[in-house]
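FYI, it's all coordinate maths here, none of it is from the lab. Not measured: the values here are computed from a predicted model. With ideal geometry, Cβ positions are generated from the backbone for all residues, glycine too; neighbour counts draw on all protein chains shown.
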Amino acid sequence: MVQQHYQAYKNNSVNTASPGELTLMLYNGCLKFIKYAKKGIEQGDIQLKNTNIQKAQNIINELMVTLDQGAPIAKEMLPLYDYVNHCLIQANIKNDLESLMEANRVVEEFRDTWKEVLKQTRTQQYTQGAKA
């Protein structure tokens, strides 16, 4: 019963999230899967590692595909996403914890920067709304 309510809440939060919030959810999901993959490498659980690295790669691929190519920042972000994907591949093929942690570091930077952008955007919207 609790699981059903939680799933309904999760579905509702995704369905009502702004594009910016969805991007933040993707970054957080990617970090969660990297954490599980790390556990898989540390425990010698190849299935856990492989499954979660693939999930993290799927998120990075989604971020690459949905990147607004017209935005000036896209030219800088695309190679970084590609780099993260490369690190994830290396981590999966070689059970390389260092590559996995490098991917984690870059995604954390993206997430933290994106969180700050969302906070500033909300503050601006709130301030502009209060003036109207």
When Lys and Arg each count +1 and Asp and Glu each count -1, what net charge do the other residues less than 14 Å away from L78, Cβ to Cβ, add up to?
-3
Projected label distance in nm at E76 and T51, using a 7 Å step from Cα toward the beta-carbon:
3.8
Net length gained if the chain between N28 and Q120 were fully extended (0.36 nm per residue, minus Cα distance):
31.2 nm
Find how much the distance from L67 to T113 grows on full extension, using 0.36 nm per residue of separation minus their present alpha carbon separation; answer in nm with one decimal.
15.0 nm
One point scatterer per Cα, no solvent, Debye formula: log10 I(q)/I(0) for segment 18-131 at q = 0.09, 0.11, 0.14, 0.22 Å⁻¹ comes out as -0.27, -0.39, -0.59, -1.15
If I model a spin label at K35 and I93 as a point 7 Å from the Cα along the Cα→Cβ vector, what separation in nanometres do I get?
2.9
